[in-house]
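The values are calculated or read from the model by the stated rules, or taken from the named source; none is laboratory data. Keep in mind it's a predicted model, so treat the numbers as computed, not measured. Because the Cβ atoms are built from the backbone with ideal geometry, glycine has one as well, and the counts that use them run over all protein chains shown. Side chains included, ligands, DNA and RNA excluded: accessible areas come from the protein's heavy atoms. Shrake-Rupley method; radii C 1.70, N 1.55, O 1.52, S 1.80 Å.
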Amino acid sequence: MLNRMLASTLPLALLLSAPLHAAPDPGDWESVLDEARGQTVYWYAWAGEERINDYIQWTARQVAERHDIELVHVKIGDTAEAVSRVLAEKQAGNHERGNVDLIWINGENFATMKANDLLFGPWSEQLPHYPLTDPDNTPAVRYDWTIPVDGLESPWSSSQVVFYYDTALVDEHPRSMPELLDWARENPGDFTYARVPNFLGNAFITQALLELAEDTDILYEPMREEDFDEVSAPLWAFLDELHPHLWRSGRAFPANSSELRRLMGDGEISIALSFSTTEASGAIANFELPDSVRSYVHDHGMIGNMSFMAIPYNAQHKAGAMVVADYLLSPEAQARKQDPVVWGSGTVLSLATLEPADRALFDDIDLGIATLAPDELGELLGQPHPSWVDALADAWQARYVGN
C-alpha cells in the first residue's frame, strides 16, 4: 500500500519513464494466474450497503487463499468517481500506472469509458467461467443498456422485474400484458403500477412495449423522432384501455415501489410488481405483506439488467483483476451472492450449464417463501436504448398526468 501511495506522488516524468510491460493475454490463462500471484488489486465499488461490503470482504479472503491476490475494496459513493479518476489519468498521460484496477460498473458509466477508450480488452469472454453464462442464449451478458460489451467487461450480478400477487385473492395470475388487461377488466381497481418516470413505472411501460411491439429490434437503437409514434402506438392503445380499470381508475399512481408494496399490504390491490426478485419474500419476513403473496413472471421474458466488472486500460494489475472477475463468476461465488442471508443478488450464470454439484449450491439456497427459483425467472430481456426510455416517459406524462 505504501509503495502504491508513493507512486501516485511521483513526478509525471518519472511515471512516464518507467518501462512499459506487455498486457497479459487473457487467452493464456495459466500465464494470467502466474502473473496475478502476489498482486494487489484495487477494486473501486459502491459501498452504500453493508451486506455488499461484507460480500466483497469474503471475496477478498477467497482470492487471497486461492491465488495469493490482495483485494482492496476502494469504497466509493458513485461509480462516476472511478470513471473520472481514470479519465484524469489519461489526460495527464498516465497510461501504465493507473490507480484503478477493477470497477463495478454498468450503463452510462460503461458507455463513457468505452467511448473514451478507457477500457482494457477484450478479455471477458476468455475467462474460464464465462461460458457458464450461456452467452449465446443470454443477450444481456453481451449488451450493457444496449451498448455492445465487446469483451470489455464481465457480468457478475443481475436483477429483473417480477410481478407478485396475493394467492388468497387471485386464483390464476396473468402471463402476458394482454392477459393482464383482461384480468384488470374482470377485477377493476386491483392492479396499478408506479408513476412514470419512477424507474419501476418506466420498467412497466417498457415491458409492455417490448411485449406488444411488432419490431423490438428498433428499441435497442437510438430513437429517431420519425419512428416514435408508429413504434409506441401499441403501448398507448394498451394503456388507454388498461387505465380505467386500475386502482383509482388510473387517475393516481403510487410514487414508488414502497407505496406500491403498501397498497398490496393494505389489501387495496392484489397484483403488483418489483425490480427485485426477493422483494416480496423480504416484505413477508418484515410483516409488510401477507404470507399468501407469491411472485410470477410473464411467459416471454421480463426486463432486467446486469452489473459488470471492467478493467481500466491503464490498470497496473490487469492479471489480478481478471482472476478476481473470473472468481466472481464461479458457481461458489455466485451462489453465495444469491443467498438472501448474504446479499440476495441474482446470479448471471445459466443453471443449465452447471455440473450437478455446482447446481446443488443454488438448489440449497433458501430464497424465501415468495421468491422464484432461478430457473423459474424465464428469459431476461435487455433494457432498450436510454433514448427510447426517456421518450416514452415524456410521452406518458404528456398523455396521462392530470387525466
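Only residues that are of a type in the set (Val, Ile, Thr), open to solvent by less than 10 Å² (accessible area, probe 1.4 Å) and within 20 Å of ALA213 (Cα to Cα): list them for segment 285-314, please.
Correct list: ILE303 only.
Anything in segment 59-105 that is on the phi > 0 side of the Ramachandran plot and either modelled with pLDDT under 95 or open to solvent by 50 Å² or more (accessible area, probe 1.4 Å) (or both)? List them, or say none.
Within segment 59-105, ASP68 is the sole residue that qualifies.
Can PRO340 be described as open to solvent by 20 Å² or more (accessible area, probe 1.4 Å), of a type outside the set (A, V, I, L, M, F, W, C) and touching a residue at least 60 places away in the same chain (Cβ under 8 Å)?
Values: open to solvent by 20 Å² or more (accessible area, probe 1.4 Å): yes; of a type outside the set (A, V, I, L, M, F, W, C): yes; touching a residue at least 60 places away in the same chain (Cβ under 8 Å): yes.
So PRO340 passes the test.
Tell me, which residue of segment 109-152 that is part of a strand (DSSP E or B) and in contact with a helix residue (DSSP H, G or I) (Cβ under 6 Å, 6 or more places away or on another chain) is nearest to ASP339 (Cα to Cα)?
Going through the qualifying residues, I end up with ASP144.
Which residues, counting only those in segment 148-165, are open to solvent by less than 20 Å² (accessible area, probe 1.4 Å) and within 11 Å of ALA272 (Cα to Cα)? Spell out the reasoning first.
Applying the first criterion (open to solvent by less than 20 Å² (accessible area, probe 1.4 Å)) to segment 148-165 yields 149, 151, 153-157, 160-164.
Passing the criteria: VAL161, VAL162, PHE163, TYR164.
Scan (1) in a loop (DSSP other than H, G, I, E, B); (2) of a type outside the set (Lys, Arg); (3) out of contact with any Phe, Trp or Tyr (no Cβ under 6 Å at 6 or more places or on another chain) for the single condition PHE238 breaks and write down its number.
(1) is the only condition that PHE238 fails.
If I ask for residues that are at pLDDT below 95 and either open to solvent by less than 40 Å² (accessible area, probe 1.4 Å) or part of a loop (DSSP other than H, G, I, E, B) (or both), which ones from segment 351-369 would you list?
LEU351, PHE362, ASP364, ILE365, ASP366, LEU367, GLY368, ILE369
Among the residues of segment 266-277, is any open to solvent by 30 Å² or more (accessible area, probe 1.4 Å) and in a helix (DSSP H, G or I)?
no
Can GLY378 be described as in contact (Cβ under 8 Å) with a residue 12 or more places away in the chain, open to solvent by 50 Å² or more (accessible area, probe 1.4 Å) and assigned to a loop (DSSP other than H, G, I, E, B)?
yes
If a residue has to be open to solvent by 60 Å² or more (accessible area, probe 1.4 Å) and of a type outside the set (D, E, K, R) to count, how many in segment 24-50 make the cut?
Number of matching residues: 1.
Report every pair of residues separated by at least 6 positions or lying on different chains whose Cβ atoms are under 9 Å apart, first residue within segment 287-311 and among the acidic types (Asp, Glu), second open to solvent by 10 Å² or more (accessible area, probe 1.4 Å) and at pLDDT below 95.
GLU288/ARG261; GLU288/ARG262; GLU288/GLY282; ASP291/ILE284; ASP291/ILE369; ASP299/GLY378
Give segment 197-223 a look and list any residue that's of a type in the set (Val, Ile, Thr) and more than 20 Å from the chain's Cα centre (by Cα), or say none.
Residues of segment 197-223 of a type in the set (Val, Ile, Thr): 205-206, 216, 218.
Listed by number, the residues that qualify are THR216, ILE218.
Which residue pairs have Cβ atoms closer than 6 Å, lie 6 or more positions apart in sequence or on different chains, and pair a first residue in segment 67-85 that is within 14 Å of TYR327 (Cα to Cα) with a second residue that is part of a loop (DSSP other than H, G, I, E, B)?
Going by the 6 Å Cβ cut-off, the qualifying pairs are ASP68/ARG37; ASP68/GLY38; ILE69/GLN39.
Just one of LEU351, LEU381, LEU361 is under 23 Å from GLU125 (Cα atoms) and touching an Asp or Glu at 6+ places or on another chain (Cβ under 7 Å); which is it?
LEU351
Please count how many residues of segment 301-348 are over 17 Å from ALA45 (Cβ atoms) and of a type in the set (D, E, K, R).
Residues in segment 301-348 being over 17 Å from ALA45 (Cβ atoms) and of a type in the set (D, E, K, R): 3 in total.
Based on this model, can you work out whether GLN397 counts as buried (at least 21 other Cβ atoms within 10 Å of the Cβ), modelled with pLDDT of 95 or more and of a type in the set (S, T, N, Q)?
no
Starting from residues that are part of a loop (DSSP other than H, G, I, E, B) and surrounded by fewer than 19 Cβ atoms within 10 Å (Cβ to Cβ), keep the ones in segment 241-262 and report whichever is farthest from the chain's Cα centre (by Cα).
Looking at residues that are part of a loop (DSSP other than H, G, I, E, B) and surrounded by fewer than 19 Cβ atoms within 10 Å (Cβ to Cβ), I get ARG251.
Return the residues of segment 153-167 that are among the hydroxyl-bearing types (Ser, Thr, Tyr) and in a strand (DSSP E or B); say none if nothing qualifies. Steps first, please.
Residues of segment 153-167 that are among the hydroxyl-bearing types (Ser, Thr, Tyr), as a first pass: 154, 157-159, 164-165, 167.
Matches in segment 153-167: SER154, SER157, SER158, SER159, TYR164, TYR165.
Give me the pairs: first residue in segment 236-254 and touching a residue at least 60 places away in the same chain (Cβ under 8 Å) and within 16 Å of LEU392 (Cα to Cα), second residue buried (at least 17 other Cβ atoms within 10 Å of the Cβ) and among the small types (Gly, Ala, Ser), beta-carbon distance under 6 Å, and six or more apart or on different chains, which are they?
Matching pairs, first to second residue: PHE238/ALA208.
Anything in segment 166-179 that is in contact with a Ser or Thr (Cβ under 6 Å, 6 or more places away or on another chain) and open to solvent by less than 30 Å² (accessible area, probe 1.4 Å)? List them, or say none. Steps first, please.
Applying the first criterion (in contact with a Ser or Thr (Cβ under 6 Å, 6 or more places away or on another chain)) to segment 166-179 yields 166-170.
ASP166, VAL170, listed by residue number.
Mind counting the residues in segment 108-126 that are touching a Phe, Trp or Tyr at 6+ places or on another chain (Cβ under 8 Å) and either modelled with pLDDT under 95 or surrounded by 17 or more Cβ atoms within 10 Å (Cβ to Cβ) (or both)? Reasoning before the result, please.
Keep residues of segment 108-126 that are touching a Phe, Trp or Tyr at 6+ places or on another chain (Cβ under 8 Å), which gives 108, 110-111, 117-120, 124, 126.
Restricting the remaining residues to those that are either modelled with pLDDT under 95 or surrounded by 17 or more Cβ atoms within 10 Å (Cβ to Cβ) (or both) gives 108, 110-111, 118-120, 124, 126.
Total satisfying the criteria: 8.
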